[in-house]
1. Would it be correct to say that L12 is of a type outside the set (D, E, K, R) and surrounded by fewer than 18 Cβ atoms within 10 Å (Cβ to Cβ)?
2. In the stretch 110-128, how many residues are farther than 11 Å from N48 by Cβ and of a type in the set (K, R)?
3. State whether the residues of the stretch 48-59 include one that is under 26 Å from M1 (Cα atoms) and of a type outside the set (V, I, T).
4. Which number in (1) in a helix (DSSP H, G or I); (2) touching a Cys at 6+ places or on another chain (Cβ under 9 Å) marks the one condition that T33 misses?
5. What's the number of the condition A17 fails, among (1) in a helix (DSSP H, G or I); (2) in contact with a Leu (Cβ under 9 Å, 6 or more places away or on another chain)?
6. Which residue is surrounded by the fewest Cβ atoms within 10 Å (Cβ to Cβ), if the candidates are limited to the stretch 89-118 and must be closer than 13 Å to Y59 by Cβ and of a type in the set (D, E, K, R)?
7. Report, by residue number, each residue of the stretch 15-34 that is exposed (fewer than 13 other Cβ atoms within 10 Å of the Cβ) and at pLDDT 80 or above.
8. Here is a list: V125, V60. Which entry is among the aliphatic types (A, V, I, L, M), touching a helix residue (DSSP H, G or I) at 6+ places or on another chain (Cβ under 6 Å), surrounded by 15 or more Cβ atoms within 10 Å (Cβ to Cβ) and over 26 Å from K16 (Cα atoms)?
Amino acid sequence: MDDLERDQKILLWQNKARRAGRGRKRRNLYVITLDPEVLWDRDFRQQNPGYIEGMPCVYVGMTIHEPGDRFEQHMLGYRSSKYPHRFGVELAQELLDGFAANAEVPDAEQEAALAEWLRRQGFAVWQN
């Protein structure tokens with residue numbers, strides 16, 4: 001992807017975010033699988049003392065964008081945490097199966113609840 005194409009995508013995403021900010025648009029949870037090399041990062045390991053070796057490493061987030069668009073943003077480094085940008089492998093929405101999101105709980109708490117649910121299963125999880 002050349003710089004012009006990247007810049008056009010960023011402008012599109014920024015406009016979409018502005019429009020969503022004016023209204024109360026529901027946020028989307030998403031999960032990105034991370035390369036196991038992320039386990040060499042001390043901060044990441046410290047956040048996951050209950051990690052079961054062999055289980056996936058993931059990044060959990062919430063966005064007003066479609067999860068596929070947000071994954072692409074992370075890969076391009078646009079408003080990205082270092083973990084999905086450097087270690088992101090693929091979008092893994094199937095990992096949401098079985099997670100019961102509660103509509104009464106604020107969005108920020110939904111993200112944390114998903115991260116904790118995955119940790120209880122032995123995943124290594126990063127969530128901002």
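The values are calculated or read from the model by the stated rules, or taken from the named source; none is laboratory data. Note that the structure is a prediction, hence the values are computed from the model and not measured. Please note: Cβ atoms are built from the backbone with ideal geometry, for glycine as well, and neighbour counts cover all protein chains shown.
1. yes
2. 1
3. Within the stretch 48-59, one or more residues are under 26 Å from M1 (Cα atoms) and of a type outside the set (V, I, T).
4. (1)
5. (2)
6. Per the criteria, the residue is E90.
7. none
8. Details: V60 fails: over 26 Å from K16 (Cα atoms).
The match here is V125.
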